[in-house]
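For reference, the structure is listed below as structure tokens.
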Amino acid sequence: METEIFSVNIDQLNLNKIREVANAISDGHIVAFPTDTLYGMGCDVFNEEAVRTLYEIKGRPTNKPINVLISSVDQVYDVAKNIKPLFFNLAEKFWPGALTLVVEKNTQVSNVVTSGLASVGVRFPDNKIVQELINITHTPLATTSANIAEEPSATKAKEVLEYFNGKIPYIIDGGTVEIGQASTIVDISSKPPKVVRHGAIPYAELKPHIRGLRKE
């Protein structure tokens, strides 16, 4: 497989290039793209075979769940159920942005995505390129950082190419990502809510908005 890099200007989106990448996702392929935090690679969240391939290419242990990217707050209903008011309060405050919220998954999401857990991590990233990719694909994307497991995360497309040249068909080059740090993950399906990964949004910024937030 030859890996193609498409350069896309975040301010002047080339929709033809994004459509080509979206078609690859629809055909079950893994692709890489910029987000606001890091470069990610992902696939159709509802294509179980593609999700298994995503784990394999990255070398990710299958007991580590994969999060999901969406392009609007309402799209959470595609992957989750029994959504609490707290979710919408936090989405209004921090989305689009670098906060991943763990919520109860619905039956449409395979246990392969969540490593058998009843919950799924969801994020609305603040990046026009990946937002448009999700819009054109018409599906949330099961997404993990675009690096080999345990290796440094990628903030540039050329770093993604070093990891996955010949293993994925497309990389969208949107320049260097803005944040360069993984999202913060908060599990709001648990009682009380807890931080399960510290990242771009600090605990101190979240605490006033989440009563009883645990810091793990």
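Bear in mind these aren't lab numbers, they're just calculated from the coordinates by the rules spelled out. Everything numeric in this text was worked out from a predicted model, so none of it was measured.
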- Message: If N is the number of residues in the chain, what value comes out of its Cα radius of gyration divided by 2.2 N^0.38 Å?
- Response: 0.95
- Task: Return the single residue from 33, 124, 88 with maximal mean-square fluctuation; model: Gaussian network over the chain, springs between Cα atoms under 10 Å.
- Result: 88
- Here the gain from full extension of residue 26 to residue 56, 0.36 nm per residue of separation minus their alpha-carbon distance, amounts to 8.9 nm
- Message: From Cα pairs below 8 angstrom and at least 6 apart in sequence, can you work out the relative contact order of the chain, rounded to a whole percent?
- Response: 31
- Which far-off residues, 5 or more places away or on another chain, put their amide H under 5 Å from the one on residue 173, with H placed in the peptide plane? 6, 7, 8
- Message: Could you give the length gained by full extension between residue 3 and residue 86, i.e. 0.36 nm per residue of separation minus their alpha carbon distance, to one decimal place?
- Response: 25.7 nm
- The base-10 log of I(q)/I(0) that the Debye equation returns for region 92-216 at q = 0.09, 0.10 Å⁻¹, one scatterer per C-alpha, is -0.29, -0.37
- Note on the structure: Quick P(r) readout (region 163-216; Cα-Cα; 10 Å bins; whole %) gives 21, 35, 20, 20, 4
- Task: List the lysines whose Cα lies under 30 Å from the Cα of residue 167, skipping any in the same chain that are fewer than 8 positions away.
- Result: 17, 58, 64, 105, 128, 156, 158
- Where the convex hull is taken over the Cα atoms of region 90-137, what is its projected area averaged over directions, in nm²? 4.0
